[in-house]
Amino acid sequence: MATCGIADVGSNTMRLSIYQYDETGFRLLLNKKEMAGLAGYVRGGTLSEGGILVACRVLASFRDLLANLGIEELHVFATASLRNISNTEEAVETIRANTGIPVQVISGAEEAALAYRGALYGSPAEVERGLLADIGGGSTELVVYDQTSIRSCRSLPMGSLSLYTKYVSGLFPTPEEAREIRRAVRSELDRLDGDPVPCPHLRGVGGTVRAVAKICLDLNGGPVGRSFSADEIRKLYKRLNKGDKAALKQILRSAPDRVHTLLPGLIILNSVIRAHQSEQLTVSAQGVREGYLLKYVIAKEAPHVQA
């Protein structure tokens, strides 16, 4: 089996996953996460020099880690962090010049399709219609599917960190700031063509969804890997929105690195649940990096770099 690293340059976190793979499948060996917060370096639609250098530093550390492990193969892609800025080309070229690492910037539709491919890999086919939601730091991808077929693929230019950066002045949103975030999220959902398709089952991907699941488990108990009802998600949202001290303290215990972005991300999740009338949330441990591995490394499809 071959071994490679897949690095994801996200708006909130930058992640490196190391896999063993062959033509039959893959096995995850290691995950490493850096809270880079690149969306916080965007001013007037431009990623600052400081933000680009943060990306260079983190990617260089990933490259050096792989070298120390004797792994030569590294694939790097960027999502909304470099896609939704005005100086994408400059950022990509600066990263290459400083680290020697080429970065593939993928479109929102491509990100959604890869998240779907990775999340459902190895899972039994869904009998009922499903919705996949990948809530990232700078964008949210929504995929409606039936069994193994994609019906629609959408990417919304909003994420947990971008909403926090735009609307929140302190560490945690005030009630008025939370209302502004809700209005912004509903506005983006209303802009989608057609009425939202009812999807009883929601499969969640991304750091926000995993953090929400962990907090729900820690607060309410139950076996690891269980599903969560829409009502359970709504109750957590209401507790945080009201400033419930026990719930806030649980964030610090369960997901301290997301204390500032959790409520904005939870507002997105709760709004998606309401719009699509979802009844149950299942959290997927796999997502866009596994989809990228399956498509561009194992299947060896030619990558398309977004201009």
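Can you pull out the strands (runs of 3 or more DSSP E) entirely within the stretch 7-90 that have at least 1 residues that are open to solvent by 40 Å² or more (accessible area, probe 1.4 Å) and among the aliphatic types (A, V, I, L, M)?
25-34, 74-78
Among the residues that make up the stretch 195-218, is at least one of them touching a Lys or Arg at 6+ places or on another chain (Cβ under 8 Å), surrounded by fewer than 19 Cβ atoms within 10 Å (Cβ to Cβ), of a type in the set (A, V, I, L, M) and touching a residue at least 60 places away in the same chain (Cβ under 8 Å)?
Yes, the stretch 195-218 has at least one match.
Applying the selection to the stretch 219-248, what residues are outside any helix (DSSP H, G or I) and open to solvent by 10 Å² or more (accessible area, probe 1.4 Å)?
Gly221, Gly222, Pro223, Val224, Gly225, Arg226, Ser227, Ser229, Lys242, Gly243, Asp244
Quick one: how many residues across the stretch 251-284 are in a loop (DSSP other than H, G, I, E, B) and in contact with a helix residue (DSSP H, G or I) (Cβ under 8 Å, 6 or more places away or on another chain)?
Here the count works out to 7.
How many of the residues making up the stretch 249-283 are crowded, with 21+ Cβ neighbours inside 10 Å and among the hydroxyl-bearing types (Ser, Thr, Tyr)?
Selection size over the stretch 249-283: 2.
It is to be established whether one or more residues within the stretch 168-183 are open to solvent by less than 70 Å² (accessible area, probe 1.4 Å), more than 13 Å from the chain's Cα centre (by Cα) and of a type in the set (Lys, Arg).
yes
For Ala307, state whether it is modelled with pLDDT under 90 and either open to solvent by 50 Å² or more (accessible area, probe 1.4 Å) or under 20 Å from the mean Cα position of the chain (by Cα) (or both).
In short, yes.
Six or more apart or on different chains, Cβ atoms under 6 Å: show the pairs whose first residue is in the stretch 1-23 and β-branched (Val, Ile, Thr) and whose second is open to solvent by less than 10 Å² (accessible area, probe 1.4 Å) and part of a strand (DSSP E or B).
Ile6/Ser17; Val9/Ala78; Ile18/Gly5
Filter the stretch 109-136 for residues that are open to solvent by 10 Å² or more (accessible area, probe 1.4 Å) and of a type in the set (Gly, Ala, Ser); which is nearest to the chain's Cα centre (by Cα)?
Checked the stretch 109-136; the qualifying residue nearest to the chain's Cα centre (by Cα) is Gly136.
Which numbered condition in (1) of a type outside the set (Phe, Trp, Tyr); (2) free of Cβ contacts under 8 Å to residues at least 60 places away in the same chain; (3) touching a strand residue (DSSP E or B) at 6+ places or on another chain (Cβ under 8 Å); (4) surrounded by fewer than 17 Cβ atoms within 10 Å (Cβ to Cβ) is the only one that Val143 fails?
(4)
The values are calculated or read from the model by the stated rules, or taken from the named source; none is laboratory data. This is a predicted model, so every value here is computed, not measured. Glycine gets a Cβ as well: all are built from the backbone with ideal geometry, and neighbour counts include every protein chain shown. For accessibility, only protein heavy atoms count, side chains too; no ligands or nucleic acids. Shrake-Rupley method; radii C 1.70, N 1.55, O 1.52, S 1.80 Å.
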